[in-house]
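Structure, as structure tokens:
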Amino acid sequence: MSIIVKYVQLADYLTKYTPAKGYLYRLNPLTKLAVVIANIVLGVYLSSPGFSFLAMLGVFAATFTFVAAGGFSFSELIRRQWSLLVIFFGLIFLANTLLGKTAFNPNLKLTVIYQVVGFNRVWLTLSYQGLNDGVSATLFYASIFIAIVALVRTTRISDLAYSLQSLGLPFSISLIFTITIRSVSLVSGKLVTIYNAQRSRGFELEKGWGADRIRNIATIFRPLVTQLLRTAYDMSIIFQSRGLDFSSKKRTRLREVPHRPVDYAVISVCLAASVVLIALVPPAFYG
């Protein structure tokens, strides 16, 4: 199967809500959003050059434990898409190890492991500091990936949109956000249908190079764009027939999303951890 189709199917899997048992599924969407924000804030700070990778390892371990204990399992994702995950995080590791800020900072004293030298210049430098930064960056992106996937896979998109509206997000933007997330499954289904239909006619997407490969991709995406435009038109007719009014300020909802004591506890821990670590743990830059 084409790598493009695999990535689209991966996006469909990552954005599809699947109900299950566990406290993570009962948390308020804003609580899980707070966990994502805390991961981003702490990750940006602790993955910067100068921190040991053990700092990000602690954040990653805490996030993984929180998600796993909440009833969400990554076993199916790893089983189905392990190769794509290895490629994605492997590229992040190599890029930050060999091409990160540490490798090209002349003011840092590096402990060199290996250098690629040619034509009287150094092309690549592998150092212990670079390896530390590569591991830290990989753990940073892995931690955010876990938090975001757990947020989307354990939360009804309508509940998340409603919670964002309670913070003051306009309904029009909330509706666009909801439609965007739900359209991932729609696009994935149509793409797979078109791809299989073209293959039944003898079409090979991976055949050829350069211009031939571009034409092959266009053979898939032309009917896909046509169908998506038709679907968008149908959706606009449906909205009009149901009397959708963006100017209405008073909106009611059958399903409420309450805040429980555990929500306040999780948000407090995220806030306290972010403030304490940033305030009390200064960066120790290499040098």
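For residue 103, state whether it is touching a strand residue (DSSP E or B) at 6+ places or on another chain (Cβ under 8 Å) and modelled with pLDDT under 85. Give the steps one after another, and end with the answer.
Numbers: touching a strand residue (DSSP E or B) at 6+ places or on another chain (Cβ under 8 Å): yes; modelled with pLDDT under 85: yes.
It is true that residue 103 is touching a strand residue (DSSP E or B) at 6+ places or on another chain (Cβ under 8 Å) and modelled with pLDDT under 85.
List, please: which pairs have Cβ atoms under 7 Å, are six or more places apart or on different chains, and start with a residue in the range 260-274 that is touching a residue at least 24 places away in the same chain (Cβ under 8 Å) and end with one that is among the hydroxyl-bearing types (Ser, Thr, Tyr) and part of a helix (DSSP H, G or I)?
262/23; 263/31; 266/31; 267/31
Give me a count of the residues in the range 110-129 that are of a type outside the set (Ser, Thr, Tyr) and in contact with a Phe, Trp or Tyr (Cβ under 9 Å, 6 or more places away or on another chain). Don't jump to the end; show me each part of the working.
Of the residues in the range 110-129, the ones of a type outside the set (Ser, Thr, Tyr) are 110, 112-113, 115-124, 126, 129.
Checking the rest, the ones that are also in contact with a Phe, Trp or Tyr (Cβ under 9 Å, 6 or more places away or on another chain) come to 110, 112-113, 115-117, 124, 126, 129.
Within the range 110-129, residues that are of a type outside the set (Ser, Thr, Tyr) and in contact with a Phe, Trp or Tyr (Cβ under 9 Å, 6 or more places away or on another chain) number 9.
Restricting the search to the range 38-70, which residues are over 17 Å from residue 135 (Cα atoms) and touching a Ser or Thr at 6+ places or on another chain (Cβ under 8 Å)?
Kept after step one, since they are over 17 Å from residue 135 (Cα atoms), are these residues of the range 38-70: 38, 41, 65-70.
Result: 38, 41, 70.
If you check residue 38 against the conditions, is it surrounded by fewer than 20 Cβ atoms within 10 Å (Cβ to Cβ) and among the aliphatic types (A, V, I, L, M)? Give the steps one after another, and end with the answer.
Numbers: surrounded by fewer than 20 Cβ atoms within 10 Å (Cβ to Cβ): no; among the aliphatic types (A, V, I, L, M): yes.
When the stated conditions are applied, residue 38 does not pass them.
List pairs: first residue in the range 105-116 and surrounded by 10 or more Cβ atoms within 10 Å (Cβ to Cβ), second residue modelled with pLDDT of 70 or more and in a loop (DSSP other than H, G, I, E, B) anywhere in the structure, Cβ distance under 8 angstrom, at least six positions apart or on different chains.
Partner pairs satisfying both residue conditions: 105/49; 108/49.
Inside the range 122-212, counting only helices (runs of 4 or more DSSP H) that do not spill past its ends, which hold 3 or more residues that are in the same structural domain as residue 61 (by TED's automatic domain parsing), at pLDDT 85 or above and buried (at least 20 other Cβ atoms within 10 Å of the Cβ)?
On the way: elements: 128-153, 157-166, 171-200.
Counting at least 3 such residues, we get 128-153.
Could you grab me the full set of residues in the range 117-147 that are free of Cβ contacts under 8 Å to residues at least 40 places away in the same chain and either closer than 18 Å to residue 46 by Cα or not β-branched (Val, Ile, Thr) (or both)? Can you show your working first?
Of the residues in the range 117-147, the ones free of Cβ contacts under 8 Å to residues at least 40 places away in the same chain are 117-128, 130-131, 145.
Result: 118, 119, 120, 121, 123, 124, 126, 127, 128, 130, 131, 145.
State the number of residues belonging to the range 117-173 that are of a type in the set (S, T, N, Q) and farther than 28 Å from residue 73 by Cα.
Just the residues of the range 117-173 that are of a type in the set (S, T, N, Q), to begin with: 120, 125, 127, 129, 132, 136, 138, 143, 154-155, 158, 163, 165-166, 172.
After this cut, where a residue has to be farther than 28 Å from residue 73 by Cα as well, the list is 120, 125, 127, 129, 132, 165-166, 172.
The qualifying residues number 8.
Given the criterion of a type outside the set (D, E, K, R), assigned by TED's automatic domain parsing to the domain that holds residue 267 and in contact with a Pro (Cβ under 7 Å, 6 or more places away or on another chain), identify the matching residue among 64, 60, 51, 74. Give the derivation first.
Details: 64 fails: in contact with a Pro (Cβ under 7 Å, 6 or more places away or on another chain); 60 fails: in contact with a Pro (Cβ under 7 Å, 6 or more places away or on another chain); 74 fails: in contact with a Pro (Cβ under 7 Å, 6 or more places away or on another chain).
Step by step, each of 64, 60, 51, 74 is checked, and only 51 is of a type outside the set (D, E, K, R), assigned by TED's automatic domain parsing to the domain that holds residue 267 and in contact with a Pro (Cβ under 7 Å, 6 or more places away or on another chain).
The values are calculated or read from the model by the stated rules, or taken from the named source; none is laboratory data. Computed from a prediction, not measured in an experiment: that's the story for all the values here. Cβ sites come from the backbone with ideal geometry, for glycine too, and all protein chains shown count toward neighbours.
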